[in-house]
Amino acid sequence: MSHRIYNFSAGPAILPEPVLQEAAEGVREINGSGMSVLEVSHRGKDYETIHTDAETRMLRVMSLDPTEYAVLFMGGGASQQFAQVPQNFLKPGVTADYVVSGDWGAKALSEAKHYGDAREAASSKAEKYAELPKSFTQTPGARYVHITTNNTIEGTEYFELPDTGDTPLIADMSSDYLALRRDYSKFTLMYGGAQKNIGPAGVTIVVGRKAFFESANTDLPKIYSYKTFLESRSLYNTPPTFPIYVVGLVLKWIEGEGGLDAIEARNRHKAALLYNTLDDLTPFFQPSVTEKADRSLMNVTWRLHDEALEPDLLAEFKKAGMQNLKGHRSVGGFRASIYNAFPEDGVRALADLLHDFVKRKG
Ligand code: PMP
């Protein structure tokens with residue numbers, strides 16, 4: 001590629017270069033078939049290999065047992081899952097507990113209210129979501145507890161999971177899916193769009209316990225039913241074949257890098273570089289997440305004490321080839337999204353620029 005900038009986008013986000021190269025080859029021709037990967041039938045042999053490979057690798061990377069867990073490839077993004085989870089598991093009179101740790105969690109709760117008795121079990125809204133809720137009130141007999149493992153907008157992340165006892169734990173993992181070695185078997189259902197750590201936009205990856213999918217409501221349209229996707233192995237209708245192909249390539253890349261332990265170590269190192277810089281440069285810069293234990297490895301958020309300097313700093317980022325560092329429109333400030341494929345040298349370059357900026361303007 002002729003010119004790569006440092007892309008700090010929150011998603012769709014940077015992908016590993018070897019993946020981009022292999023995907024580009026696949027777009028020209030796949031497996032000597034005389035066809036582009038974009039042209040193969042989802043019922044054909046070439047695609048069958050791609051589909052199975054992505055499913056198998058996903059569970060292997062997560063260390064999940066394929067006899068217990070299944071991977072579903074769906075459309076509609078995490079936003080569709082906000083509705084689909086309660087549509088499949090709630091009904092009037094059935095309760096679910098939602099831990100609201102950010103704006104996305106609030107959206108998930110609001111969608112669930114269409115289907116059943118969805119309750120806010122905890123919220124850190126009063127703290128402007130600058131920390132995770134410390135505890136939550138569990139409703140006896142709740143169908144599930146829902147959390148957001150990483151809050152993309154605010155920059156907090158769960159490292160210790162809430163203990164929900166026998167109640168199924170469901171998570172929106174959109175922005176830290178496969179970014180660290182979690183015990184994924186603690187979750188009954190996980191979902192997220194691929195477009196941050198796992199691939200391009202267009203496919204939503206749902207991983208869950210087969211028995212839970214099988215226990216879902218049946219009185220709903222087939223296309224919204226997890227059971228339909230489980231039974232057809234996500235081939236009920238035409239799946240997003242190209243995004244799934246790229247997901248397979250990213251999973252192969254993760255395995256080649258040493259799996260989630262290696263990925264997590266790298267992510268921790270990159271995040272520490274940036275948080276240490278921001279802490280050193282406080283109060284000129286102020287990390288938005290004050291509770292250090294809750295700081296996200298993926299989305300590092302901060303503000304300038306003197307907001308009048310924001311345009312200057314953004315102009316300097318641009319000049320240095322660093323893009324998409326403006327904070328989410330709802331919170332302002334800055335946000336560096338440093339997902340799995342984001343290189344350490346880009347994080348160093350950002351840290352150096354911040355130091356330099358303070359030297360000149362501080
Ligand atoms: N949840 C979280 C935590 C997110 O970061 C996002 C997207 N940024 C969403 C949900 C919505 O995802 P989608 O755009 O795939 O619907």
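We did not get these values from a lab; they are worked out from the coordinates using the rules stated. Bear in mind the structure is a predicted one, so any value in this text is a computation, not a measurement. Cβ: placed from backbone, ideal geometry, glycine included. Neighbour counts: every protein chain shown.
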Check your understanding: What does the range 297-347 give for Rg and for Dmax, in Å, if only its C-alpha atoms count?
Key -> 11.3, 32
Exercise for review: Jot down the radius of gyration and Dmax of the range 194-328, Cα atoms only, both in angstrom.
Suggested key: 20.9, 56
Review point. Taking all pairs of different Cα atoms in the range 35-99, averaging 1/r and flipping that mean, what Kirkwood radius in angstroms comes out?
Key: 14.9
Review point. In debye to the nearest 20, how big a dipole does the chain give about its Cα centre with +1 on each Lys and Arg Cβ and -1 on each Asp and Glu Cβ?
Key: 460
Practice item. Return the Cα extents of the range 1-134 along principal axes one, two and three, sorted largest first, each rounded to a whole Å. Key: 55, 38, 27
Check your understanding: Tell me, what does the Kirkwood hydrodynamic radius of the range 88-137 come to in angstroms if you use every pair of distinct C-alpha atoms?
Key -> 11.1
Practice item. Quick one: give the max-minus-min coordinate of the C-alpha atoms of the range 126-277 along each principal axis, largest first, in Å. Key: 52, 42, 25
Practice item. Check the straight Cα-Cα distances from residue 319 and name the lysines below 24 Å, setting aside those fewer than 8 residues away within the same chain. Key: 270, 359, 361
Exercise for review: Specify whether the C-alpha gyration tensor of the range 1-69 places it in the rounded, prolate or oblate class, a ≥ b ≥ c being the square roots of the eigenvalues: rounded for a/c under 1.5, otherwise prolate if a/b is larger than b/c and oblate if not.
Suggested key: oblate
**Study point:** Ellipsoid semi-axes in whole angstrom, largest first, where each is sqrt(5λ) of the Cα gyration tensor of the range 261-362
**Key:** 21, 15, 13
Check your understanding: Over the range 81-172, what relative contact order in percent results from Cα pairs under 8 Å that are six or more residues apart?
Key -> 30
Exercise for review: May I have the convex hull volume per residue, in Å³, for the Cα set of the range 149-234?
Suggested key: 123
Review point. Thinking of the range 69-159 as a set of Cα atoms, what percent of all their pairs are more than 20 Å apart?
Key: 36
Practice item. Report the antiparallel proportion of the DSSP beta bridges in the chain as a percent, rounded to a multiple of 5. Key: 55
Study note, to complete from the structure: Under a Gaussian network model of the chain whose springs join Cα atoms within less than 10 Å, the largest fluctuation of 298, 62, 190 belongs to 62
Check your understanding: Any idea how far apart residue 307 and residue 181 come out in nm if each label point goes 7 Å out from Cα toward Cβ?
Key -> 4.3
Study note, to complete from the structure: So for the range 188-243, using the alpha carbon gyration tensor with a ≥ b ≥ c as root eigenvalues (a/c under 1.5 gives rounded; past that, a/b versus b/c decides prolate or oblate), I'd call it oblate
Check your understanding: Looking at this model, which pairs from 45/107; 107/252; 91/222 are more than 28 angstrom apart at the alpha-carbon?
Key -> 45/107; 107/252
Point to revise | Alpha-carbon gyration tensor eigenvalues x 5, square-rooted, for the chain, Å | key: 34, 28, 16
